[in-house]
Each structure stands twice: as C-alpha cells, then as structure tokens.
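Below: the structure, in structure tokens.
Derivation of every value follows stated rules applied to the coordinates shown; laboratory data play no part. Quick caveat, the model's predicted, so the values are computed rather than measured. Cβ: placed from backbone, ideal geometry, glycine included. Neighbour counts: every protein chain shown.
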Amino acid sequence: MIHWCGTGLSSIPGLKRLIAEGRPVTVWNRTVAKAEAALGDAQVPIRAFDPAALAAALAPGDVVVSMLPADRHVELARAAIAAGAHFVSSSYVSPEMLELDAAARAAGVALVNEVGLDPGIDHLMAHDLVADYRATGGHTPDTVLSFTSYCGGFPKVPNDFRYKFSWSPLGVLKALRAPSRSLKDFEPRDVARPWHGISRFEAPLPAPESFEVYPNRDSLPFMAQYGFDPDWRVRDFVRGTLRLQGWAAAWADVFAEIERLSGPEGETRLAEMAEGFWRDHAYGEDEPDRVVLFVALRAERDGVTVWHRSWALDASGDARGSAMGRLVSHPVALAVAAAADGRLAPGVTAAPADPALVAEWMAEVGRQAQHLARIDHLA
C-alpha cells in the first residue's frame, strides 16, 4: 500500500499517475474535502491525516509519501522504519533525516529524499553528466572542472513583479534571508543574502534567453553526492536559483525591508508580507506557470575547453496541470514505484545515480516538459 500524505499543488499529477497504474493508494490529507476535490472521480480511500492513525495502518513493504511541510518528514520516516515501510519525499535531506540512516539500513527500508524538481531532476542530470565525463577516460591531473546547476519557476506570461507564488510566500521570504556557499575561481564564495550574489545567465534554449541567477544553500556537499573525486581540480561549483530578467529591480523594496527585519517583530512582519503576496501575486485558476532548469559540466586544460555538456529543460503549464506540479510529483511517483519494487537501496538516499534509473526517469521528464535537450557544446 502507498500512503500518500498531502494533496497540494505539487502532488496531484504524480498521485494520479500511481492510481492510474493500478497501485494501491490511500490518501491522507488534513482536509478530506479538499483531497476529494483535487482527485475528482479517483476511487481511492481518503482519510483525515493523523500521524498515529497512519502509523497504525502501516505494514511491511508499504511506502509512505510525505508531500507535507518538511517539519513532518522525520516523524513519518520514523513511523515507516518501525513498520518496515519505505519513505519518499521531495525535500532536501535534513540532518535529522540523515540520523535515521542506520536504523533504515537495519530495517531494510529506503528513505528516499530529493526526488522532485530541484532537488531531484537536477540531481539526475548531474549524475548523468558526471558518469558521461568519467566514461571518456580523459581526465588528467591538470584538468579543471566547472559545474553549474540553475533552476527556477515563474509565470509563463511575465508580470510586473516578475514572479508569482504557487506555494507559501513565507517560505520564499525566509529563503531570501538564508546565506549560501559555492565555489568560484577555486575559492569558497559566501553570500549573506541572495540579492548580493545576482548575476546574468545566458540560457542554452532554442531561442536565446537571459535570466538573473543567484546561488542558494550550501553547494559544496553536492560535489561528493555527484561523484566528484576529492582530488579533482574544480574552479566553479554552484547550485542556484533562476529568476526572470528584471526580478531584482522589481523586488528591490522587498530586499530592503527584509534586510531591516530582526527578532520576533521581524517574523511577524514576514508573515504579514507573505499574506499580502499570496493575495496579490498568487497564480490564478488555470494560469500557466513556467519551469526552467539548466545543469552543465565543463572540463578545461591549459585554458581550452576539452569537454562541455549540459542538460536544458523548459516546461509550461498546460491541460495536464502546472509545470511545477508535473515536474515535482512525477519524479516522486517514480521513486515510490522504485521503492515499492525493491529497486532502491536501504538507508537514507537522495535521487539515484544508477544509470538505468536515471535513463528511465529522464525519459519520463521528457514527456512532462515541452523542451528537454542534452547538449554537447563541442559537437
């Protein structure tokens, strides 16, 4: 049995996929009526979300899917381990989740995280590029590598604000207060606020397009996750967020206010700002969104590029639903199926590096995007 928790905007396409495949699914949602409305005529059990009731319903081999806020993941993962069930979420692996690794291995269950869009599809692209580079057998001690991974979601038809919200504006505002660390010119680059690190990015799309981009979170641990050797010389390594051109100017007043906020009063003000943004800048019904994702790896020797490949994805909302919803929830559904079928190793993991799974999942990503290309820039 698959126990799918949460039926928000980024849940429904993948959830419906599993139901259409005939896999047994029980849906758990805080409000049963909202889940019923979201699923339409899908004939599956829908229950009011209650952690204790969910834990009691679990059996060995089941899969728990958490599309709930990240602070609920560890609780559900613990319940899954206790029942001998697997766990899947699209969120980043937290330190608390990582602490469950030994228990999950001992129980023989997979706790799979980072299998949405970003993180998720970006990991698949990175694993593919690193494996492809390794297969060349051409790496030498004097080779210099550069890696970039940029992802963003915004309205398909740009507005004056250069952004619209498909999820809690409070999460977006809090992310703007978070520092980042990346690698630039062989040295760690620390950025206190995203708008301190904005640069221009020329996208390798069929039609040339420029975006604004800034680094987010701590990129450096992903070097090991993507299979970079510790002795590789790496000039640049960054995972970042894409925004439409003009975003920084449109949000200048927001940045200035966030810079001034502190303490409990600051948290209260952030909540007030979020409420206003949700009212004024949320997606309208059936309004199309857009998602773009670019991941690239380049190798140089003596200042000359000797190998350079990338992935480019561009997707828009359509009759199948929002681009964000499709590209988050379909990979989640693929991870659920892989866990249920015993194709994922026990323990706490992120998106898989196994070439067979990467190829299968990327093929599905291609069906969900209007444009997906793997580019050899030296061909």
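Can you find a residue that is more than 20 Å from residue 335 (Cβ to Cβ), crowded, with 20+ Cβ neighbours inside 10 Å and in contact with a strand residue (DSSP E or B) (Cβ under 8 Å, 6 or more places away or on another chain) anywhere in segment 104-119? Checked against the condition, which is being more than 20 Å from residue 335 (Cβ to Cβ), crowded, with 20+ Cβ neighbours inside 10 Å and in contact with a strand residue (DSSP E or B) (Cβ under 8 Å, 6 or more places away or on another chain), segment 104-119 yields no hits at all.
When the criteria are applied in full, residue 162 fails the requirement of being assigned to a strand (DSSP E or B), of a type in the set (D, E, K, R) and crowded, with 16+ Cβ neighbours inside 10 Å. Within segment 339-358, restricting attention to residues that are touching a residue at least 40 places away in the same chain (Cβ under 8 Å) and more than 16 Å from the chain's Cα centre (by Cα), the residue that is surrounded by the most Cβ atoms within 10 Å (Cβ to Cβ) is 339. Considering segment 78-131 alone, what residues qualify as being among the acidic types (Asp, Glu), under 20 Å from residue 153 (Cα atoms) and part of a helix (DSSP H, G or I)? Selection gives 122 alone. Give me the residue from segment 302-318 that is touching a residue at least 12 places away in the same chain (Cβ under 8 Å) and among the β-branched types (Val, Ile, Thr) and, out of that set, surrounded by the fewest Cβ atoms within 10 Å (Cβ to Cβ). Ranking the candidates gives 305 first.
When you scan segment 53-71, do you find a residue that is over 17 Å from residue 346 (Cα atoms), under 22 Å from the mean Cα position of the chain (by Cα) and β-branched (Val, Ile, Thr), even just one? The answer is no; no qualifying residue exists. Restricting the first member to segment 56-73 and to residues that are at positive phi, and the second to residues that are crowded, with 16+ Cβ neighbours inside 10 Å, the beta-carbon pairs closer than 7 Å and six or more apart or on different chains are 61/85.
The residues of segment 193-212 that are within 29 Å of residue 67 (Cα to Cα) and surrounded by fewer than 18 Cβ atoms within 10 Å (Cβ to Cβ) amount to a single one, 193. The residues on offer are 289, 231, and the sole one that is farther than 24 Å from residue 163 by Cβ and among the acidic types (Asp, Glu) is 231. Of all residues in segment 256-286, those satisfying the criterion of being surrounded by 15 or more Cβ atoms within 10 Å (Cβ to Cβ) and within 28 Å of residue 314 (Cβ to Cβ) are 277, 281, 283. Starting from residues that are among the aromatic types (Phe, Trp, Tyr) and part of a loop (DSSP other than H, G, I, E, B), keep the ones in segment 188-231 and report whichever is farthest from residue 258 (Cα to Cα). Looking at residues that are among the aromatic types (Phe, Trp, Tyr) and part of a loop (DSSP other than H, G, I, E, B), I get 228. The single residue among 36, 75, 96 that is surrounded by fewer than 19 Cβ atoms within 10 Å (Cβ to Cβ), farther than 24 Å from residue 369 by Cα and in contact with a Pro (Cβ under 8 Å, 6 or more places away or on another chain) turns out to be 75. Do the conditions hold for residue 53, that is, is it surrounded by fewer than 20 Cβ atoms within 10 Å (Cβ to Cβ) and out of contact with any Phe, Trp or Tyr (no Cβ under 9 Å at 6 or more places or on another chain)? When the stated conditions are applied, residue 53 does not pass them. Of the numbered criteria (1) in contact with a Lys or Arg (Cβ under 8 Å, 6 or more places away or on another chain); (2) surrounded by 14 or more Cβ atoms within 10 Å (Cβ to Cβ), the one residue 174 fails is (1).
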